[in-house]
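Asks: Handing you a structure now.
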Amino acid sequence: MAGKREENPAGSSNNLRGDVLRVLGVLKVATVEQIQQIAAPHLNYRHTDKPTPSKRKQARTAAHLGALSDLRKHSLAENGGQLPGGDRLRNLTPMGLKAAARELGRPVGEMGDPARGAGRTGASHPMTVNEAVLALLRPKPDLSQLASEPADVRAAAQAAVDAPAGLGTIASYATEVALPATGTWSNPGKGGTQADIVITAPEDGVPLLFVEIDNCFESAPVLAAKIDKYMRFCQRKVKDVDGKKRPMWRTRWWVPDGRRGDQPHPPLLLVFNRIGPRNPNTIIAQLAELTERHWKGTWYEDGFHMYDGKLPIVVTGMKQLKEHGPAGAVFRRLGRPHNQTLLEAIGNPRREAHDARKQAEYAARQREHQEELRRIVAQHKAEREASRPVCAGCGNRFTDERWKAIEPAGWGTPRDTHPHLCDGCKQRAITAERQAEQAGPEHQEHDQAVPEQRTEGGWLSRFRPGAG
């Protein structure tokens, strides 16, 4: 125990340090409170007896603060500056990113660069990215960790558990991901961009989603130029390991193949955090017009659009995202008139409804066809039963085998000897005939062996009376 204490003076456990590495490996830079909210959300409901918010916050984050201290001792983490409100930022060193890669099960080349110096400018953009991750992830508290808490605290935690879930786990997220239009993944060239967040949560219906955060400082043309770069990246094709050309993004991420004629690019979610001077509603309207060629689908008379080769662009506000999460109807896809949930916005509900109707109609036709076949089979069976021969001896209907045996066969095939009798009656009839045949000669021999009778007058005459 003394050796462990010397190695980790703050007394943190391996699991606790692993949690910190995973969170910082994804977020790059974060406060201790943000790390705690993602790694141990049940702590949000503890220490409610502390007198002030600052005391409660200090108690909630003490364990993760100790883990960061131990990681810093091993040169895996470091202080990354300070926020205007006083919260200190933390980030990983290059060696810490390698350790985080092992915890997350990712190649080191996909971890990006350390976020050193982010706190020098206030880190407003990274903090907004972290808020978006929390709002999309919506970590659920572990109720088993709150068994000894007061009833009202457990009720609040239960309400959080019962609320609509978020997307994936912290391992489903990546930040500051290069999307090269030229060059390679590890050495991007000119013309590409960088996704603020990339989400891969196929288990929750989101195989791949790019997320762009805007603090309302950028104009619509600047954002449109960034979307041009997203489109350029999505259209780029490279040779895969099998020598075939594929979209570059498919060489890194798995997404189900789309339907023929309707294979859009991975969707892009724009989250507007209104802390800058620009009005997001105005920006969105201008952005929709500037990027129409990228997102507008082709209308079909069946009542839906097809988005083959298009970039689905969805917008929402940070306030609405934090309040409602992905399951809330707070997402507007460019070109659509109404808000939807995230899954509806990045999907094609009208096409899916059309396909469901067609599938239901096809299934109904199949059921009708099968029912008609069953009716025809039943009718044929009834007609066959009605024509089934009846035994002339016992009155029972023939079995299938007996019926088949009496049916006419090919030329030269002997006909059945008793076509009007069932098997049992036929055997009895054959037995009786054989017995009769065997009895006939015996009767003849008996008749021949009878002696001539004598009378008193001599032999009985063999002639008629008066003969001779």
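The values are calculated or read from the model by the stated rules, or taken from the named source; none is laboratory data. Remember, it's a predicted structure, so these values are computed and weren't measured experimentally. Positions of Cβ are generated from backbone atoms using ideal geometry, with glycine treated the same way; all protein chains shown enter the neighbour counts. With ligands, DNA and RNA removed, areas are computed over all heavy atoms of the protein, side chains included. Shrake-Rupley method; radii C 1.70, N 1.55, O 1.52, S 1.80 Å.
Asks: Can you list residue pairs whose Cβ atoms sit under 7 Å apart, with the first residue in region 161-177 being among the polar types (S, T, N, Q) and the second being modelled with pLDDT of 95 or more and open to solvent by 20 Å² or more (accessible area, probe 1.4 Å)? Count only pairs 6 or more apart in sequence or on different chains.
Replies: Ser172/Thr200
Asks: Based on this model, can you work out whether Leu65 counts as farther than 21 Å from Thr175 by Cα, open to solvent by 20 Å² or more (accessible area, probe 1.4 Å), under 32 Å from the mean Cα position of the chain (by Cα) and hydrophobic (A, V, I, L, M, F, W, C)?
Replies: For Leu65, the condition - farther than 21 Å from Thr175 by Cα, open to solvent by 20 Å² or more (accessible area, probe 1.4 Å), under 32 Å from the mean Cα position of the chain (by Cα) and hydrophobic (A, V, I, L, M, F, W, C) - is not met.
Asks: Within region 134-145, which residues are surrounded by 20 or more Cβ atoms within 10 Å (Cβ to Cβ), of a type in the set (A, V, I, L, M) and either over 22 Å from Val29 (Cα atoms) or under 22 Å from the mean Cα position of the chain (by Cα) (or both)?
Replies: Matches in region 134-145: Leu136, Leu137.
Asks: Determine the pairs where a residue that is within 21 Å of Leu270 (Cβ to Cβ) and modelled with pLDDT of 95 or more, located within region 223-242, has a partner that is open to solvent by 50 Å² or more (accessible area, probe 1.4 Å) and part of a helix (DSSP H, G or I) with Cβ atoms under 6 Å apart, the partner being 6 or more residues away or on another chain.
Replies: Short answer, once both residue conditions are applied: Ala224/Leu290.
Asks: Please state which of the following conditions Ala30 fails to meet, knowing it meets all the rest: (1) touching a residue at least 40 places away in the same chain (Cβ under 8 Å); (2) under 23 Å from Pro9 (Cα atoms); (3) assigned to a helix (DSSP H, G or I).
Replies: All conditions are met except number (3).
Asks: Here is a further query. From the list Ala156, Ala174, exactly one residue is under 30 Å from Ala225 (Cα atoms) and either part of a strand (DSSP E or B) or in contact with a Phe, Trp or Tyr (Cβ under 7 Å, 6 or more places away or on another chain) (or both). Which is it?
Replies: Ala174
Asks: Small (Gly, Ala, Ser) and either touching a helix residue (DSSP H, G or I) at 6+ places or on another chain (Cβ under 8 Å) or at pLDDT below 55 (or both): is that true of Ala436 in this structure?
Replies: No.
Asks: Give region 38-81 a look and list any residue that's more than 18 Å from Pro150 (Cα to Cα), of a type in the set (Asp, Glu) and without any contact (Cβ under 8 Å) to a residue 40 or more places away in the chain, or say none.
Replies: Once the filter is applied, which keeps residues that are more than 18 Å from Pro150 (Cα to Cα), of a type in the set (Asp, Glu) and without any contact (Cβ under 8 Å) to a residue 40 or more places away in the chain, region 38-81 yields only Glu78.
Asks: Quick one: which residue in His74, His47 is exposed (fewer than 15 other Cβ atoms within 10 Å of the Cβ) and either out of contact with any Gly (no Cβ under 6 Å at 6 or more places or on another chain) or at positive phi (or both)?
Replies: Working: His47 fails: exposed (fewer than 15 other Cβ atoms within 10 Å of the Cβ).
None of the others qualify; the one that does is His74.
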